[in-house]
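Student: One structure, as structure tokens, below. Some questions next.
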Amino acid sequence: MNDLKEFLTFDDVVIVPGASPVEPGEVNISSNITPSISLSIPVISSPMDTVTEHRMAILLARAGALGVIHRNMPREEQARQVSLVKKASPSIWSEVPRIPADVEVAAAFIFMDETGAGAAVILGPNGFEGVILRPGVDAGYWYGKAEALRLLYSTVKPLPTIDSDGLLRVGAAISPFDVERARMLDRAGADVLVVDVAHLHNANAISALARLSKEVSAEIVAGNLGTKEGVLDVLSRVENVAGLRVGISSGSICSTGEVAGAAVPTLTAVMNAREALEELGLHGKIPIIADGGVRNPGDAAKAIIAGASVVMGGRIFAGTEESPAPKIRVGGKVYKPYRGMASRGAMERRFAADRYSKPSKAIEEGVEGLVPYRGSALEVLAEFASGLQAALGYAGAPSIRDAWTKGRLARVSAVGIREVRPHDIMT
Ligand code: IMP
């Protein structure tokens, strides 16, 4: 007991400036949430009932990120939400001209010349058929579906998060104990199933997940985990883990640390997971998702330098237009409700809405509150994209992989923490 470990959190550290070979605007922040799913912007939204339903998931995937649909609803409804995302057209379709499939190619070229469009989508009786590109923009004009979309998108940055059929990607939250839900989500087309329990390092939960993982084809992100031992145990007992969701009790609406006294701050959880993965030679192969307490791009960059591939956020998206919570006006200002999934309100809804899943715990480990309304989630993504580029630019890392090796964090004193924020002025 004399040898207590110290668990560092985002505010305990700063990024050490390093020699940068590139300008911040040239930093490539694309990353992977699983070995096969890459994101242009490495930020995903939490599966929470005041954060992610289909509207958020569609917007984020269109913009190059990803949403994870929450599970505080009946299985059928969650599966429907997943299919709504898969059915949504990537936004670029509405931004480029559409040409009916029976139009002559020459006429299409004339049309594009006249409108100045470099590309057009060809629509047949069953919807999307291909892409036509103006000569000079690229050679040829017909491509296979996925390749055509990729070509089209490559002219527009960032690249949307799409699957090999050109459909938007989507994640969905699961419980390790609800195989039927996981199967339904898998059938509905979820690209990644994200385990959504507060403490996966539990014998029953791991065994259940080991069984469940054999029943679905979608990739599985396991979590939440906080320790090296937890990661090693899960990886030794569950096959096909495609990502790790780490962080215990750092969430802005989380009261676990208070109620149960247990926590592994997200930054430390990332470092612990990285240590486990490095021991297995798997760091960089199984992505780490840093979950909880990310407030700004600086926090996200610290998590990435510590070894994460992607960050997950609830509060950063809760106040946006696309979250499923209603706008509320208080004293002339606009807010949106945001609550923990283990808060009283969320647990009551779970009980009422889904007879297959009961509240798992009798005590509340989350709180409910309001966050300021802040416009579209696109603005959050834009802020994180350019903030991450700036941070990695300081770190001297032209990409996320470089950030793992070249990036360095240093501890600051409690006084230093005050100094590195705006101070001593009236705002
Ligand atoms: P935030 O981004 O700091 O708001 O944290 C969001 C994260 O908190 C989620 O992704 C979950 O991992 C976690 N979380 C969600 N609901 C609860 C809760 O009720 N208690 C504890 N943690 C929660």
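The values are calculated or read from the model by the stated rules, or taken from the named source; none is laboratory data. Nothing here was measured: the structure is a model prediction, and the numbers come from that model. Note that we place each Cβ from the backbone using ideal geometry, even for glycine, and neighbour counts take in every protein chain shown. Just so you know, the surface numbers come from the protein's heavy atoms only, side chains and all, with ligands and any DNA or RNA stripped out. Shrake-Rupley method; radii C 1.70, N 1.55, O 1.52, S 1.80 Å.
Student: So, of the residues in the stretch 282-304 that are open to solvent by 10 Å² or more (accessible area, probe 1.4 Å) and more than 12 Å from the ligand (Cβ to nearest atom), which turns out to be nearest to Ala242 (Cα to Cα)?
Tutor: Ile286
Student: Okay, next question. When only residues in the stretch 169-203 that are over 13 Å from the mean Cα position of the chain (by Cα) and among the basic types (Lys, Arg) count, which is surrounded by the fewest Cβ atoms within 10 Å (Cβ to Cβ)?
Tutor: Applying the filter and picking the extreme gives Arg187.
Student: Sort out which residues of the stretch 254-275 are crowded, with 18+ Cβ neighbours inside 10 Å and farther than 13 Å from Ala306 by Cα, and write them in order of number.
Tutor: Cys254, Thr256, Ala263, Val264 - these are the residues of the stretch 254-275 that are crowded, with 18+ Cβ neighbours inside 10 Å and farther than 13 Å from Ala306 by Cα.
Student: Return the residue satisfying two criteria in turn: it lies in the stretch 380-408 and is free of Cβ contacts under 8 Å to residues at least 24 places away in the same chain and surrounded by fewer than 18 Cβ atoms within 10 Å (Cβ to Cβ), and of such residues it is farthest from Lys302 (Cα to Cα).
Tutor: It comes out as Ala382.
Student: Something else: Please name all residue pairs, on different chains or six or more residues apart, with Cβ atoms under 7 Å, provided the first residue is in the stretch 41-68 and is farther than 19 Å from Gly366 by Cβ and the second residue is among the polar types (S, T, N, Q) and at pLDDT below 95.
Tutor: Ala61/Thr161; Arg62/Ser91; Gly64/Ser40; Gly64/Thr161; Ala65/Thr161; Leu66/Thr161
Student: Pull up the stretch 310-339, narrow it to residues that are within 16 Å of the ligand (Cβ to nearest atom) and in a loop (DSSP other than H, G, I, E, B), then point me to the one that is most open to solvent (accessible area, probe 1.4 Å).
Tutor: Pro324
Student: Which of the helices (runs of 4 or more DSSP H) contained wholly in the stretch 203-277 include at least 3 residues that are modelled with pLDDT under 95 and within 16 Å of the ligand (Cβ to nearest atom)?
Tutor: 256-259
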